[in-house]
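Every read-out reported here was derived from the displayed coordinates using simple, explicitly stated rules and does not represent laboratory data. What you see is a predicted model; the values in this text were computed from it and never measured. Here the Cβ positions follow ideal geometry from the backbone for every residue, glycine too, while neighbour counts run over all protein chains shown.
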Amino acid sequence: VFSSVSTLPDDPILSLTGKFLADPRDCKVNLGVGMYLDENGVTPVLDVVREAEEAIALSHRPHTYIPQTGLPLYDRLVQELLFGKDSEVVTSKRACTVQSLGGTGALKLGCDLMYWACGLRVGAASVPTWGNHNDILERSGYTVAAYRYYDAGTHGLNFEAMCEDLKKLPAKTLVILHACCHNPTGYDLDANQWSEIIDICKHCQLVPFLDLAYQGFKAGLEEDSLAVRLFADSGLDFLVASSFSKSFNLYSERIGALTVVTHSENEALRVASHLKCCARANYSNPAAFGGRIVERVLSDPDKFAHWEKELAGMRNRILAMRQALADEMRAIGAKRDFSFVTEQAGMFSFTGLTPEQVDRLSSEFGIYAVRNGRICVCGLNRKNVAYVARSFAAVL
Ligand code: LMR
């Protein structure tokens, strides 16, 4: 039965970690996967996470199943974080939230829900996008469409093209939108641009699916939920995939959430019944540990404040590294002005490096980045940024 099975290529992002680890050179730098690293090149365990881990271990709670939709308190706290504690969406109960296996799991649940419960058949993502968006859509049965987003010539957002392409999509297209810290480009929409997108979604009857994997990495928790809150005020039905992988450094715990915003509590309850079936047929019910950690922090004002501080520390280090890279490139008189790096938000920068230049970076300099030219800025630190800048200048 397996004789005709072909070998598929490795994932272009995840496979970089293995290549980096296998590289014996001391000078090597991992600018591949979107994972926070500190000045010493390690992913720290946040103080708030360490405290929660210890408390949870000491509680010796039995490992019983948790509900298919996840820990109820966790689900409520996710909504409060997305929309604000006193927001109408939360108090009216017209949204339902399901604990998911990371942000990826939330995207998959949302795609399955809209396919099976609402009959959607076309899904669209930006060009470029996080490659898994298109794979998840395709493997969930959708015909995959695309809308332009980035202008390589100007190193920026091509908002006009984005609007033009969205308007051409058929009604009931599931449109994946990066709510902040666009992956891979790092360019986001402003409030006015989001309002225009909301109008297009209304007018063309598109179904928005906001991917919010990096809340807190642009400007702050509230600031980064701007798009989500504008959609909440718009009266549109929409979905949000959110994640604590990045904001809590809880990558391996696979802790995220799918939130579906409907018109009424009754609708939300019906949607939740479908989500339970989607979860049941895929993995039955989620794991508890990551949810308990996040729940403990979000439900306690002091722990929450401490987390916000730790998150700000990560965000500010990334901002400093953006500036350092741009400064180093300028100082060595590189052919290309890299100041655009300081205008992008989140973990990633779209450098404009070609696949061939990226290949040279890994083979000649031990620097690993995604072949589309995306670098994860978190891999930079005070010790390696000058080396990275020199290597970039060399391949340019
Ligand atoms: C990334 O884009 O590097 C992260 O979201 C990790 C992943 O799963 O690709």
Whole-Å distance, taken between Cα centres, linking segment 313-366 and segment 165-242: 27
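Counting other beta carbons within 10 Å of each Cβ, put 127, 294 in order, fewest first.
Values: 127 15, 294 29.
Ranked by crowding around the Cβ, least crowded first: 127, 294.
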Burial order of peptide ranges 68-81, 154-167 (average beta-carbon count within 10 Å, highest first): 68-81, 154-167
Please report Rg over Rh for the chain, where both radii come from the alpha carbon positions and Rh follows the Kirkwood definition. 0.96
Once phi is turned into ³J(HN,Hα) by the Karplus curve 6.51 cos²θ - 1.76 cosθ + 1.60 with θ = phi - 60°, what whole-Hz value does each residue of segment 197-211 show in order, with x for glycine and proline? 5, 4, 4, 5, 4, 5, 5, 9, 6, 8, 10, x, 10, 7, 9
Quote the Stokes-Einstein diffusion coefficient, in whole µm² s⁻¹, for segment 65-299, based on the Kirkwood radius over alpha carbon pairs, a temperature of 25 °C and a viscosity of 0.890 mPa s. 140
Between residue 237 and residues 5 or more places away or on another chain, which pairs have amide H atoms under 5 Å apart, with H built 1.01 Å from N, and which residues are they? none
Would you mind checking 167/246; 218/303; 19/335; 85/276; 19/383; 28/335 for any pair whose Cα atoms are more than 31 angstrom apart? 167/246
With θ taken as phi - 60° and the coefficients 6.51, -1.76 and 1.60, list the Karplus ³J(HN,Hα) couplings across segment 260-267 in order, rounded to whole Hz; mark glycine and proline as x. 10, 9, 10, 9, 7, 4, 4, 4
Output the 0 to 90 degree angle, nearest 10, between the alpha-carbon long axis of helix 72-83 and the longest principal axis computed from the alpha carbons of the chain. 60
Expected sort for 307, 116 with the fewest Cβ neighbours (10 Å cutoff) up front is 116, 307
Give me the distance in nm between label points sitting 7 Å out from Cα along the Cα-to-Cβ direction at residue 50 and residue 233, one decimal. 4.1
If each of residue 287 and residue 161 carries a label point 7 Å out from its Cα toward its Cβ, how far apart are those two points in nm? 4.0
Given the options 129, 64, 187, identify the residue whose Cα lies farthest towards the positive end of the charge dipole of the chain (+1 on Cβ of Lys, Arg; -1 on Cβ of Asp, Glu). 64
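Going by C-beta contacts inside 10 Å, put 149, 36, 65 in order with the fewest on the left.
On the way: 149 22, 36 25, 65 9.
Listing 149, 36, 65 from fewest to most nearby Cβ atoms yields 65, 149, 36.
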Convert each backbone phi in segment 92-105 into a coupling constant with the Karplus relation 6.51 cos²θ - 1.76 cosθ + 1.60 (shift: θ = phi - 60°), then list the ³J(HN,Hα) values in order as whole Hz, x for Gly and Pro. 7, 6, 8, 10, 10, 10, 10, 5, 10, 7, x, x, 4, x
Quick one: dipole size for the chain, taken about the Cα centre, charges +1 on Lys/Arg Cβ and -1 on Asp/Glu Cβ, in debye to the nearest 20. 680
If amide H atoms are modeled at 1.01 Å from N in the peptide plane, then the residues at a separation of 5 or more from residue 380, or on another chain, having amide H under 5 Å from its own are none
Using amide H atoms built 1.01 Å from N in the peptide plane, name the residues 5+ places from residue 150, or on other chains, whose amide H lies under 5 Å from its own. 127, 158
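Pop the C-beta distance of residue 222 and residue 7 into the FRET formula with R0 = 51 Å and round what comes out to the nearest 0.05. Present the calculation step by step, with values, prior to reporting the outcome.
Numbers: r = 46 Å, r/R0 = 0.91.
After rounding, the FRET efficiency stands at 0.65.
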Using only the Cα atoms of segment 297-392, what semi-axes does the equivalent ellipsoid have when each is the square root of 5 times a gyration tensor eigenvalue? Give whole Å, largest first. 30, 14, 11
Calculate the dipole size of segment 65-299 relative to its Cα centre from +1 charges on Lys and Arg beta carbons and -1 charges on Asp and Glu beta carbons; express the result in debye to the nearest 20. 840
Rounded to the nearest 500, the 222 nm mean residue ellipticity computed for the chain from DSSP H runs (n ≥ 4, each -39500 (n - 2.57)) alone is -14000 deg cm²/dmol
Which stretch or stretches of segment 319-333 have amide N atoms under 17 Å from the point lying 7 Å from residue 339's Cα along the Cα→Cβ direction? 322-333
Above 19 Å lies some portion of the pair distances; for segment 1-97, what is it as a whole percent of all C-alpha pairs? 72
Cα-based Rg then Dmax for segment 187-277, in Å, read 14.3, 40
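Which order, highest average first, do 361-372, 53-64 follow once you tally other Cβ atoms within 10 Å for each residue and take the mean per peptide? Intermediate results must be reported in sequence, preceding the final value.
Details: 361-372: 19.6, 53-64: 9.4.
Put in order of decreasing packing, that is 361-372, 53-64.
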